[in-house]
Amino acid sequence: MSAQPDWMPGRGLALTYVLGQQALWVLVVWGAAAGHPYWPSAVAAAAIAFACWRSGTAWWRVMTVVLVGVVCGAAVDGSLGKTGLVIYVAGDPALPVPPVWILALWACFAATLALPARSMISSPVIAALLGGLGGPLAYAGGRALGALDAQTFGLVMVGVFYALATPVIVLAANRLLPLPAAQRSRRP
C-alpha cells in the first residue's frame, strides 16, 4: 500500500473539509441574501488559503484547481445571469461576470473536489451526475434563503451547466493531484 500524498487530507480531516465547505456555503449565501456579500466571501477566501497551506508542497496545484473552478463558475453563472435564467440579489446585471459571492462558492466547490472529495469523486461521469443533481439543489437552497431567483427552467439549465462544469474541475484535479496507485485501483 502506498503512502498518502501530503496534499490529501486524512479521513477525519476530509470530513472536516466537507462540513466546513457546507458551513461556508450557508455563510456566503446568507451573507448575499442579507446584502453583505463581501465579508463572507473573504472568509471563504481565507478558508481556501488555509486549505492550500495544509496541502504542503502541492499548494499551487490545489490553487490551480480552484482557479479552474472559478473560471468555470464565471462561465456558468455569467451565462445564467446574462440570460436571466438566474437573478442574483447581490449582483450587478450590467457586469459580464457573476457576483463575487458566487465566484467564492465556485472556489470552495473546486477546493472540495480537489482535496477531500478526490478519493471519492475521481470519475468525470460520476462528477457529471453529482453536478447535474447537486447544482440545482444548491441553487434551490439559495433561492429559499433569498440570495437568488430562478424558475424551474433556470434550475434545469443550472443542472445542465453543472453536469458540464463539474467534470472539468475533476479532470483538472485528476491531472494535477494524482491519487496513489492503491487508491486509483479502488475508484468507483
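No lab work stands behind these numbers, since they all come straight from the coordinates. All values derive from a computational prediction rather than experimental measurement. Cβ sites come from the backbone with ideal geometry, for glycine too, and all protein chains shown count toward neighbours.
Restricting attention to region 41-60, which residues are aliphatic (A, V, I, L, M) and under 13 Å from Leu27 (Cα atoms)? Scanning region 41-60 gives Ala42, Val43, Ala44, Ala45, Ala47. Can you find a residue that is over 24 Å from Gly146 (Cβ atoms) and of a type in the set (S, T, N, Q) anywhere in region 60-79? Yes, that holds for at least one residue.
Which residue out of Leu67, Leu105 is surrounded by fewer than 17 Cβ atoms within 10 Å (Cβ to Cβ) and in a helix (DSSP H, G or I)? That would be Leu67, the only listed residue that is surrounded by fewer than 17 Cβ atoms within 10 Å (Cβ to Cβ) and in a helix (DSSP H, G or I). Filtering region 121-156 to residues that are outside any helix (DSSP H, G or I), polar (S, T, N, Q) and more than 27 Å from Leu177 (Cβ to Cβ) leaves only Gln151.
Residues of region 31-42 that are surrounded by fewer than 16 Cβ atoms within 10 Å (Cβ to Cβ), assigned to a helix (DSSP H, G or I) and not hydroxyl-bearing (Ser, Thr, Tyr): Trp39, Ala42. Filtering region 139-170 to residues that are within 12 Å of Leu105 (Cβ to Cβ) and surrounded by fewer than 17 Cβ atoms within 10 Å (Cβ to Cβ) leaves only Gly141. Name the residues in region 70-102 that are surrounded by 20 or more Cβ atoms within 10 Å (Cβ to Cβ), touching an Asp or Glu at 6+ places or on another chain (Cβ under 6 Å) and outside any helix (DSSP H, G or I), would you? Pro98, the sole residue that qualifies.
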